Each structure stands twice: as structure tokens, then as C-alpha cells.
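Colleague: What follows is a structure written as C-alpha cells; I'll ask about it next.
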């Protein structure tokens, strides 16, 4: 026989009475007065549904996470290197543009004289 689950209402231990019937062991819990077959006592449909949902969600999360983190890190490092190179190139172009504008500004001042 499988292990007897605790009372679903008060979480205190259950006890077996008669043959294959269970009830709560706490005399203050109403489940003490309503014995039921052990198989029914141990059935927790909401808990079972939540456990199944948790398993499904964990599988979906695993699908989202790269299987090999090392490979993922390698890809990200490569992308970071490429972005840094692109950033350096853009900074260089910006500096050239600033110098060009400064030269234009100086030319305008020369033309006004």
C-alpha cells in the first residue's frame, strides 16, 4: 500500500481505520468524522494538476535556455566584440564629422573677413 498523505484540510497526519479507510487523526478537524477509502484520500486533483503544470512549464523554460551555456556565451562574446568594433568605427566617423564641421566653421569665418 502507498504512503498515506496528510489531511488535505489541516495537514496533520491521517490514520487508517477499518479496512482501507482513512481519516484525519485530529479530533478537531471535520475530516476526522468523514472517513473515505485510502485511494480517494490520497487523490489530490488540484495538487496533481499543479504538479503537471509545473513539469510542463519547466520543460518550456528549458526550451528557452540554450542547452550548452558555453556555446551561448561564445556567441555573445563574438557579438560583443563585433559591437565594440562597430562602436569604435562610429566614434571615428563622428570625430571626422566634427573635424569637418569645425573646418567649415573656420572657412565661414575666413570668408566673412
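Colleague: With the requirement that a residue be assigned to a helix (DSSP H, G or I) and either exposed (fewer than 10 other Cβ atoms within 10 Å of the Cβ) or touching a helix residue (DSSP H, G or I) at 6+ places or on another chain (Cβ under 6 Å) (or both), what does the stretch 63-87 give you?
Modeller: Taking the stretch 63-87 and keeping what is assigned to a helix (DSSP H, G or I), we get 63-64, 69-87.
Matches in the stretch 63-87: 63, 64, 69, 70.
Colleague: Take the stretch 36-85 and flag every residue that is assigned by TED's automatic domain parsing to the domain that holds residue 23 and over 26 Å from the mean Cα position of the chain (by Cα).
Modeller: Result: 36, 37, 38, 39, 40, 41, 42, 43.
Colleague: Which condition number in (1) at positive phi; (2) surrounded by 10 or more Cβ atoms within 10 Å (Cβ to Cβ); (3) at pLDDT below 90 is the one that residue 11 fails?
Modeller: Only one criterion is unmet by residue 11, namely (3).
The values are calculated or read from the model by the stated rules, or taken from the named source; none is laboratory data. Treat the numbers as computed from the prediction; the structure is a model and nothing was measured. Positions of Cβ are generated from backbone atoms using ideal geometry, with glycine treated the same way; all protein chains shown enter the neighbour counts.
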